[in-house]
Every structure is written in structure tokens, then in C-alpha cells.
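Novice: Here it is: the structure, laid out below.
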Amino acid sequence: MISTLAISGYRSLRDLLLPLDRLNIVTGANGSGKSSLYRALRLLGDAALNSVVSSLAKEGGLASTLWAGPETIARAVRQGEYRVEGTVGGRPACLKLGFGGSTYGYSIELGYPPPPATAFSLDPAIKRECIWHGKVYRRASALVERRNNLVTLPSRRDEEPVCLTKALNAADSMLASIADPQRAPEMLEVREVIRGWRFYDGFRTDMSSPVRTPQIGTFTPVLKNDGTDLPAALQTILEVGDEEALHRTIDDAFPGSRIHIEVQTGRFEVLLRQHGLLRPLSAAELSDGTLRFLLWSAALLTPRPAELMVLNEPETSLHPDLLPALARLIASASERSQIIVVSHAQSLIEALQQLQGCRRLQLVKSFGETTLEGATIFDKPNGSGHPVESTLLQSRCFRQSRRFATCRTLFPPMPFLANSVSFGSVEERHGVTCCPAGLIAEPKLDMPHIACRVPIRGHWAESPSFKSLLDPQAEPR
Ligand SMILES: Nc1ncnc2c1ncn2[C@@H]1O[C@H](COP(=O)(O)OP(=O)(O)OP(=O)(O)O)[C@@H](O)[C@H]1O
Ligand SMILES: [Mg+2]
């Protein structure tokens, strides 16, 4: 299961870090960045299919997808004293995507290709990739690392790093290109997991949609993204999946209705018998909403559940009365897969929110940048632009004890001190660096974990000992 998702430099997602649960609802106003998040996740999934470079080129290349605002937004600008203006860029422009999971983490960084310029000017280059073990990147937990064309297994103690290849093309991801079950078995595992991710976004149900016509059917445990193999997917559920759940779901949404798949000379057609009618109706005769609900049923009741399913605005063209049934369908799917639902249908959000283990992620836009409502500065990736080691540089996870919160660098070890500078004016107290927001930091450059303690409710903590920095429960002296 993915526990943290980090995106940096993709459209309005300038530096976004999302904590994830089993079931997650992403909501927000129009233009807050929900679809950008969905697309960024798809790009991450494309890395395993080796199509991340072409997908990005189709979106207009890095120049179009990179954050269009200034590199830094000064406090005076945020307070309205100065208008937003471009700043001199210090960091090379790049797009970073990554996740930390219960077993493995993976991140990828794309940037502009080095000169000489070619005709493929929209193609970004893959600069950095990394797979590590566990939720948090640590140098010691890195399993495979890529820097430009070089892919290595990190060295242990005084051993030399093992080189897997020195000539990986800048357009090829290491996940898709290297298969070495002896030396890097985790690479195959991460690749297969990411390849299994499913993305469903607005099925076509207009009158000329292929979903409405009989289709050649083959065994289909996974519905395609466009839903064109709906009859075969439903028949597969009826034969090898949870037939009872499918009938129950349809009856839940359309009381008294029952699905049947008609097969004639290899062509499969969906028929829905409805209460009060003398004959079943074919897909061509069903309403848009009914057909969409059947598509969601086929996607979510799949007999081969994915590790992750991302659903973009599943409420589209469904009447609010159907949304509780859709919520129940999503809830049952979340027992088998991790689910991210992007939605702004209030009744769907409310129905899902009542479920245990459901996390609501409210996106808001501030100065053109998408942020997570309720996230603190400590959840936010740092933008200070250090030449830090990792691909996914600046993410942190956030733990709260009763009075104190502890900030951990999630992915790489990094000099923490520079972080505090971006939080406001910094001053020295008892040899520790403090800032008015209540941050007390004790920089330990070689410590990957704990970098600071944060007093809640504006208390100033005394200079904490290094031991107390390591123990999040310890009270300050
Ligand atoms: N390169 C870029 N840099 C900064 N912002 C961008 C960039 N490209 C697009 N945006 C902005 O990102 C925002 C997010 O768009 P997105 O389509 O993700 O919104 P949404 O939450 O899905 O909205 P809706 O509910 O209307 O579908 C838009 O307001 C758009 O102006
Ligand atoms: Mg959208």
C-alpha cells in the first residue's frame, strides 16, 4: 500500500505531499488541481510501461507541464505587499514524482535533455530514479539507483557499487528496461505492482460509443480504461468473480434489475432486465447513467484486484440518488485494493467519509499553487534547492505526540537547517536555530531521521538535547 505520494513541478502541483490511506477522497474547488493529481499519478504509472517520456511529450513537454509561477514566493508577496514577479532560477527545472509504500518506494525525476538540441525537443530526459525499501528513503535502504545513464546497486560498506548498466537511454525508465532477477529482484516486483495500477476516468457512453455495441469477447479479468470490453468483463465476473456481489450491486442501484450477457458467434452484448419491462434492454438502449454505473461495477468488482485504483470523478452523469450505491461499491472495492477517488460530489464524499479508514484530502489553491488543506509547513516538501542526494528530495512525514510534533525527512538525508530559513526569520537561541513559527531545529547533517521538534500552541521549547530529538515522546527540558 502507498503511504505517501509526492509530486513536485507538475502544473499547479509545485510541491505536494499527500499522506494516503486505504481509501482516499481527493476533493477541492474547480481548478484546485484534482485532475493534475490524477494525471501526475498516471505519469508515475507510465514509468513502469516505459511511456512516461512520450506521455509527457503529448501533454506539451516539460515546458508546458512545469510550474508556471516563480521559483520562490516571498512572504511579502504572500502578504500582498508586492506583486508576484519572476525570480532568478537557481534550481534546474525538473519534474519529480514518487511514492513511499509499506514495502517499497520509488521515485523518478525528469528534466531537460543535455545539449545538443535535437528535433525531439519535447522529450524530457530521465535524470534520476530510485527504488528503496520501506516508507522512508534512507541511503542505507536504497536498493537500486539511477543517475542519468548509470544504474547501480548501492554499495554496502567498503564494497564497490554494482553497475547494472552504464548506457541506459535517457528516454527509458530503469523499471521497464532492466530485468535482473538475480541482482535486482525488487525492480521486477515494483514494476509489476505499478503496471497493475488502474486508472479510470470518464467513460464514453454517447450513442456512438463502442460500449453500446456488441463486442468480440475474450476472458477479461480487468476492464480496459475506456470500458470498451464491458460485456466480456461482466461475463468474466459472472463466471469466475463474485457473481453474487455483481447482482447485489445492480439490484442496489436499480431495484429489481438483473444483468445478463448475451453471446452470439463470439460477440458479447450486455442486457439489463428491468422491473416493469417485458424484455431486457441492450446497452444501446440504456441511459448514460445506467451504462456508467455498469462500467463502474465491472471496474470495481474485478476478479483480479489491483494494488491501486484511481477513479477520476466517478459521479459524472450519475443522479445523486445513485451515489450511495456507488459509495458502497467503492467501499467494498477498497477491501481488496487501495483506492483514490477524485470527486466533488458532496453526497459521494459524505457517504465515503463515514467509512473507517477513509481519508479526505482537500486540495486548495494558494498563489497558483495546489496545497493540501490542513497540512503544516512540516508536511510540505522543502523548496530550498539543495543538491541533495535523492530523487525525491524533500518530503517529510509528520507525527504528532500530545504536545509535540516530530518532523522527519521522509526520503533523503538533508541539511535541515536550511529548511527553517524558508519558514520565516530565524534567530539563534541557546545555540539552536529558532523561528517565530515555533520551530526549533538542531541540524545534524548526518542524521537521516529526526531533524527538529515543534512545540504546538506556540510554546517555545528549550534547546532540546540530541537525545530528545531522537525520541518523539520525550518532553523538552
Ligand atoms: N504549468 C502550470 N503551472 C501552474 N499552474 C498550472 C499549470 N498548468 C495548469 N495550471 C493550473 O492548474 C490548475 C489545476 O487544474 P486541474 O484541471 O487539475 O483542476 P481541477 O481541480 O481538476 O478542476 P475541475 O474541478 O474544474 O476539473 C488550473 O487552475 C490551471 O490553471
Ligand atoms: Mg478536473
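The values are calculated or read from the model by the stated rules, or taken from the named source; none is laboratory data. Since this is a predicted model, take the numbers as computed values, not measurements. Quick reminder, even Gly has a Cβ in these numbers, built from the backbone with ideal geometry, and neighbours come from all protein chains shown. Accessible surface is based on the protein model in full, side chains and every heavy atom, while ligands, DNA and RNA are left aside. Shrake-Rupley method; radii C 1.70, N 1.55, O 1.52, S 1.80 Å.
Novice: So which residues in segment 142-175 are buried (at least 18 other Cβ atoms within 10 Å of the Cβ) and closer than 15 Å to residue 107 by Cβ?
Specialist: 142, 143, 144, 145, 146, 151, 173, 174, 175
Novice: Going by what's in this entry, would residue 163 be described as outside the structural domain of residue 240 (by TED's automatic domain parsing) and in contact (Cβ under 8 Å) with a residue 60 or more places away in the chain? Give the steps one after another, and end with the answer.
Specialist: On the way: outside the structural domain of residue 240 (by TED's automatic domain parsing): yes; in contact (Cβ under 8 Å) with a residue 60 or more places away in the chain: no.
Spelling it out, it is not the case that residue 163 is outside the structural domain of residue 240 (by TED's automatic domain parsing) and in contact (Cβ under 8 Å) with a residue 60 or more places away in the chain.
Novice: Look through segment 1-59, keep the residues that are hydroxyl-bearing (Ser, Thr, Tyr) and within 16 Å of ligand 2 (Cβ to nearest atom), and return whichever of them is surrounded by the most Cβ atoms within 10 Å (Cβ to Cβ).
Specialist: 10
Novice: So in segment 358-376, with the set limited to residues that are open to solvent by 40 Å² or more (accessible area, probe 1.4 Å) and in contact with a Ser or Thr (Cβ under 8 Å, 6 or more places away or on another chain), which one is farthest from ligand 2 (Cβ to nearest atom)?
Specialist: Of everything passing the filter in segment 358-376, 360 is farthest from ligand 2 (Cβ to nearest atom).
Novice: Please name all residue pairs, on different chains or six or more residues apart, with Cβ atoms under 8 Å, provided the first residue is in segment 56-67 and is more than 16 Å from residue 173 (Cβ to Cβ) and the second residue is among the hydroxyl-bearing types (Ser, Thr, Tyr) and open to solvent by 10 Å² or more (accessible area, probe 1.4 Å).
Specialist: From segment 56-67, the pairs are 61/121; 67/12.
Novice: A further question on this structure: Mind listing just one residue for me: the one in segment 335-354 that is assigned to a helix (DSSP H, G or I) and within 16 Å of ligand 1 (Cβ to nearest atom) and, of those, farthest from residue 29 (Cα to Cα)?
Specialist: Initial filter on segment 335-354 (assigned to a helix (DSSP H, G or I)): 346-353.
Right, trim to within 16 Å of ligand 1 (Cβ to nearest atom) and you get 346, 348-349.
Values: 346: 12, 348: 15, 349: 14 Å.
By that ranking, first place goes to 348.
Novice: Name the residues in segment 177-192 that are among the aliphatic types (A, V, I, L, M) and open to solvent by 30 Å² or more (accessible area, probe 1.4 Å), would you? Give the steps one after another, and end with the answer.
Specialist: If we filter segment 177-192 for residues that are among the aliphatic types (A, V, I, L, M), which is where we start, we get 178-179, 184, 187-188, 190.
Within segment 177-192, 179, 188 qualify.
Novice: Now, a different point. Taking segment 317-342, which residues are over 22 Å from residue 245 (Cβ atoms) and surrounded by 21 or more Cβ atoms within 10 Å (Cβ to Cβ)?
Specialist: 342
Novice: Ok, one more. Name the helices (runs of 4 or more DSSP H) wholly within segment 1-79 that hold at least 1 residues that are more than 12 Å from ligand 1 (Cβ to nearest atom) and modelled with pLDDT of 85 or more? First the steps, then the outcome.
Specialist: Working: elements: 34-48, 52-58, 62-65, 75-78.
Hits in segment 1-79: 34-48, 52-58.
Each row is one residue, and each column tells you yes or no for (1) of a type in the set (D, E, K, R); (2) touching a residue at least 60 places away in the same chain (Cβ under 8 Å); (3) open to solvent by 20 Å² or more (accessible area, probe 1.4 Å).
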{"position": "195", "(1), (2), (3)": "yes, yes, yes"}
{"position": "211", "(1), (2), (3)": "no, yes, no"}
{"position": "226", "(1), (2), (3)": "yes, no, yes"}
{"position": "230", "(1), (2), (3)": "no, yes, no"}
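Novice: Next up: When only residues in segment 285-326 that are under 21 Å from the mean Cα position of the chain (by Cα) and of a type in the set (Gly, Ala, Ser) count, which is nearest to residue 343 (Cα to Cα)?
Specialist: Here the answer is 299.
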